[in-house]
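Contents: one structure, followed by commentary.
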Amino acid sequence: MVTLSKSGAYLINGNEVIENDADALIKIKKITGKDVNVYEAKKGTIAYEILENHNVSGNMNELQIKFDKLTSHDITFVGIIQTARASGLEKFPIPYVLTNCHNSLCAVGGTINEDDHMFGLSCAKRYGGIYVPPHQAVIHQFAREMLAGGGKMILGSDSHTRYGALGTMAMGEGGPELVKQLLSKTYDIKMPDIIGVYMTGKPEKGVGPQDVALALIKAVFANGYVNNKVLEFIGPGISSLSADFRIGVDVMTTETTCLSSIWRTDDTIKEFYDIHKRPEDYKELNPSDIAYYDGMVYINLSKVKPMIAMPFHPSNAYTIEELNGNLMDILSDCEKKALVSLDGAVEYSLKDKVRNGKLYVEQGIIAGCAGGGFENICDAADILKGKSIGNDEFTLSVYPASTPIYMELARNGKLAELLGTGAIVKTAFCGPCFGAGDTPANNAFSIRHSTRNFPNREGSKLQNGQISSVALMDARSIAATAANKGYLTAATDMADIEYTSPKYHFDSTIYENRVFDSKGIADKTQEIKLGPNIKDWPEMIELRDNIMLKVVSEIHDPVTTTDELIPSGETSSYRSNPLGLAEFALSRKDPAYVGRAKEVRAVEEARQNGKCPCESEFAHAFETVKADERFKDINPLECEIGSTIFAVKPGDGSAREQAASCQRVLGGLANIANEYATKRYRSNLINWGMLPFIYNGNHEELPFANGDYIFVPGIVSAIKAQKESVKAYVIKQDGLHECEFDLGRLTDDERDIILKGCLINYNRN
């Protein structure tokens, strides 16, 4: 299904790939009659052209990007706007869309959701933005319908900000990166590698976009083949795919850990813009006659089979045929992996889901930016037409991605067909995707056409002994399973299905009636509506030259997701209260973390008020440091104190900045990792003034342990001198033990942000 090149590759005339071996240039000259320069050929990609058009640095190796539009949802926009307001925001300089698709239900313990919505509406009025009320559209569907444009760039604060299939290069980043754009600053990165995704063939009947996406993720996630790179979809196979199919694959590219995506466009995408009454936003995009890619992923669409990503990651994927053929072995393997993901906190079993030799699931969900598209739902309705999902444990819920899609399903009869089977059709809401809707029963197994299946994403509460799990599947195979009343079934096994493929008619009336659009006009007389639980960020000080860290958590999982750093779901009801939300940091991974971090923060607060940390738990640490001749003159009152965590590879998953900001408001000064899973998590650390340390040694033989103190002298001097590594000293009973941490490459702005203590301080200055 999916194979990877071992080198870079040239694309010739859009349809022939020549991998970069010793004879590559000779082969190309025979075909084209041209001598080829690899550096010039790199400029032939679609991605290069778009990045060049948005780069203001004048240097294509060091990009400074200004985006065309911004978008956020109601978990993130409050913090972003509050940060921007504290930094001097006067007006949104570019279109900024605030959707309300995550916290659309009633209050769950923290901020009243409607308070955040009213905050968003008042800010859209004051600063000149666009406000999409709850239940109208999920963030990415609204962006596809109303914002995307050929050759444009969009930055969003949700990690699944991907509109490449429509010719728009989009990126999901932490909130501080949007703050920079709101303050007319830039998004600064090195020129990323561009990886071609060369598609051939045509999908088999019953195979959907999620099947292709899971096959891709399985092939590239673990080996990091596309990590922080741009995926460029090319090849003749694209022409066989509808716009909805392409969109469904594209949105899942986030789970490969790539930076962004872009696709060649054609008449199919032109028709998409025509249908959505924005023909002027279409642009034909194709690579040049000779284009060079830093790697090539080959996908033969004809060979893709219905897939299932077993708990607890989208890359843990199998064909459904393979799973059914090796059921007990694969379930046993998944149970073993769960021991790592769940830390043995609860009993976990999948083999008990086998009934009469078949896998039984209790819940099916087709939802959100990945599953809630028109074509997915229509095909699911065709599979289920005239059938019943049964009256046992199995349930099926469908969430159209926008009200215009919902309206068209009502008009063409598919809504009635689905309801007649026993399925429930709900409004546009992202809840099932991040643990705030359709939480399964304890020990239940859910199959979902959504974006992620990390632990807790479906709403489990390990700290309360509750666990359920999610497998990702395509809407068609979910419908086939529903038709078989919960027994796992591939859509390709439903041979008698007639897919009606009704034409989509977009009705913009609902948006015209309900969406507030300032047309970019700011109203400075508009008062910002601040609910009682919408709080400002606490003050943060500039970094001191000498710092003392205490390790307060140590995580040795292969990957630590942002959902484990700050759980999603009902905890997000505290999203507008930085200190309130921070109480949940690492709560499902290390429940003792918050208490330990707050103890360290209390010492630092006392130090800032003039109390010497030698009168605290840090007394022995400072005595040991000052006993060393090199550091005898260190003044503990001038040494900043903070906490740190170690994780092997933190930051996979959501772009939510809270994964870093919650650590910061609890007194965090650094993360220590073997590597960072995504660029956006490392950026979030930096933007909140935290040091993104890398330790290059074996994580099983760390020179420090949970509870240890680490002294880092001269850190400000090292950052100003642009050093990429610093010496640190672990404090043990027998004295100081030297180790080294890498800082990696920091831009000038990143260095200043860390030195100032956070992005807010940097912008104020």
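One table, with the values for the structure above:
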{"read-out": "Every residue from the range 13-40 that is out of contact with any Lys or Arg (no Cβ under 9 Å at 6 or more places or on another chain) and among the β-branched types (V, I, T)", "value": "V17, I26, I31, T32, V38"}
{"read-out": "Which numbered condition D158 misses (of (1) in contact (Cβ under 8 Å) with a residue 60 or more places away in the chain; (2) assigned to a loop (DSSP other than H, G, I, E, B); (3) surrounded by fewer than 24 Cβ atoms within 10 Å (Cβ to Cβ))", "value": "(3)"}
{"read-out": "In the range 517-552, the residues that are closer than 30 Å to F704 by Cβ, surrounded by 16 or more Cβ atoms within 10 Å (Cβ to Cβ) and among the charged types (D, E, K, R)", "value": "R544, D545, K550"}
{"read-out": "Hits in the range 606-631 (condition: in a helix (DSSP H, G or I), surrounded by 13 or more Cβ atoms within 10 Å (Cβ to Cβ) and without any contact (Cβ under 8 Å) to a residue 12 or more places away in the chain)", "value": "A606, A619, K626"}
{"read-out": "Residues being surrounded by fewer than 24 Cβ atoms within 10 Å (Cβ to Cβ) and closer than 20 Å to D244 by Cα - total across the range 459-496", "value": "1"}
{"read-out": "Selection from the range 300-326 of residues that are closer than 30 Å to K42 by Cβ and part of a strand (DSSP E or B)", "value": "N300"}
{"read-out": "Unique residue being at pLDDT below 95, in contact with a helix residue (DSSP H, G or I) (Cβ under 8 Å, 6 or more places away or on another chain) and charged (D, E, K, R) when the list is D68, D74", "value": "D74"}
{"read-out": "All strands (runs of 3 or more DSSP E) inside the range 3-67 with 3 or more residues being in contact (Cβ under 8 Å) with a residue 24 or more places away in the chain", "value": "9-12, 62-65"}
{"read-out": "Residue list for the range 749-765, restricted to those being more than 14 Å from E539 (Cβ to Cβ), crowded, with 19+ Cβ neighbours inside 10 Å and aliphatic (A, V, I, L, M)", "value": "I753, I754"}
{"read-out": "Some residue of the range 612-627 being of a type in the set (S, T, Y), over 18 Å from L669 (Cα atoms) and touching a helix residue (DSSP H, G or I) at 6+ places or on another chain (Cβ under 6 Å)", "value": "yes"}
{"read-out": "Hits in the range 632-662 (condition: touching a residue at least 24 places away in the same chain (Cβ under 8 Å) and among the acidic types (D, E))", "value": "E638, E640, D652, E657"}
{"read-out": "The range 291-323 - residue that is surrounded by fewer than 22 Cβ atoms within 10 Å (Cβ to Cβ) and of a type in the set (S, T, Y) and, of those, farthest from N227 (Cα to Cα)", "value": "S302"}
{"read-out": "Test: residue in the range 88-110 that is in contact (Cβ under 8 Å) with a residue 60 or more places away in the chain and assigned to a helix (DSSP H, G or I)", "value": "no"}
{"read-out": "Which numbered condition V470 fails, given (1) farther than 25 Å from D496 by Cβ; (2) part of a loop (DSSP other than H, G, I, E, B); (3) touching a strand residue (DSSP E or B) at 6+ places or on another chain (Cβ under 7 Å)", "value": "(2)"}
{"read-out": "Among residues of the range 528-549, those that are in contact (Cβ under 8 Å) with a residue 12 or more places away in the chain and under 30 Å from P713 (Cβ atoms), counted", "value": "12"}
{"read-out": "Qualifying residues in the range 392-443 (those that are in a helix (DSSP H, G or I) and acidic (D, E)) - the one farthest from the chain's Cα centre (by Cα)", "value": "E417"}
{"read-out": "Within the range 374-391, tally of residues that are under 10 Å from Y499 (Cβ atoms) and of a type in the set (K, R)", "value": "0"}
{"read-out": "Total residues in the range 141-172, condition within 22 Å of D294 (Cβ to Cβ) and touching a Lys or Arg at 6+ places or on another chain (Cβ under 9 Å)", "value": "10"}
{"read-out": "Residue in the range 434-454 that is surrounded by the fewest Cβ atoms within 10 Å (Cβ to Cβ), counting only those that are among the hydrophobic types (A, V, I, L, M, F, W, C) and within 22 Å of A345 (Cα to Cα)", "value": "A441"}
{"read-out": "T451 being of a type outside the set (F, W, Y), in contact with a strand residue (DSSP E or B) (Cβ under 9 Å, 6 or more places away or on another chain) and outside the structural domain of G79 (by TED's automatic domain parsing)", "value": "yes"}
{"read-out": "Residues being closer than 29 Å to N698 by Cα and among the small types (G, A, S) - total across the range 521-566", "value": "1"}
{"read-out": "Count - residues of the range 534-588 that are assigned to a helix (DSSP H, G or I) and of a type in the set (S, T, Y)", "value": "5"}
{"read-out": "Condition check for I694: assigned by TED's automatic domain parsing to the domain that holds L579, buried (at least 19 other Cβ atoms within 10 Å of the Cβ) and either at pLDDT 95 or above or not hydroxyl-bearing (S, T, Y) (or both)", "value": "no"}
{"read-out": "Residue among I389, I383 that alone is β-branched (V, I, T), over 30 Å from the mean Cα position of the chain (by Cα) and not in a helix (DSSP H, G or I)", "value": "I389"}
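Rundown of residues vs (1) without any contact (Cβ under 8 Å) to a residue 12 or more places away in the chain; (2) of a type in the set (G, A, S); (3) assigned to a strand (DSSP E or B); (4) outside the structural domain of Y504 (by TED's automatic domain parsing), yes/no style:
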| residue | (1), (2), (3), (4) |
| --- | --- |
| T254 | no, no, no, yes |
| I262 | no, no, yes, yes |
| I269 | no, no, no, yes |
| Y292 | no, no, yes, yes |
| Y298 | no, no, yes, yes |
| L331 | no, no, no, no |
| K337 | no, no, no, no |
| A345 | no, yes, no, no |
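The values are calculated or read from the model by the stated rules, or taken from the named source; none is laboratory data. Remember, predicted model here, so these are calculated numbers, not experimental data. Don't worry about glycine lacking a Cβ; one is built from the backbone with ideal geometry, like all the others, and counts go over all protein chains shown.
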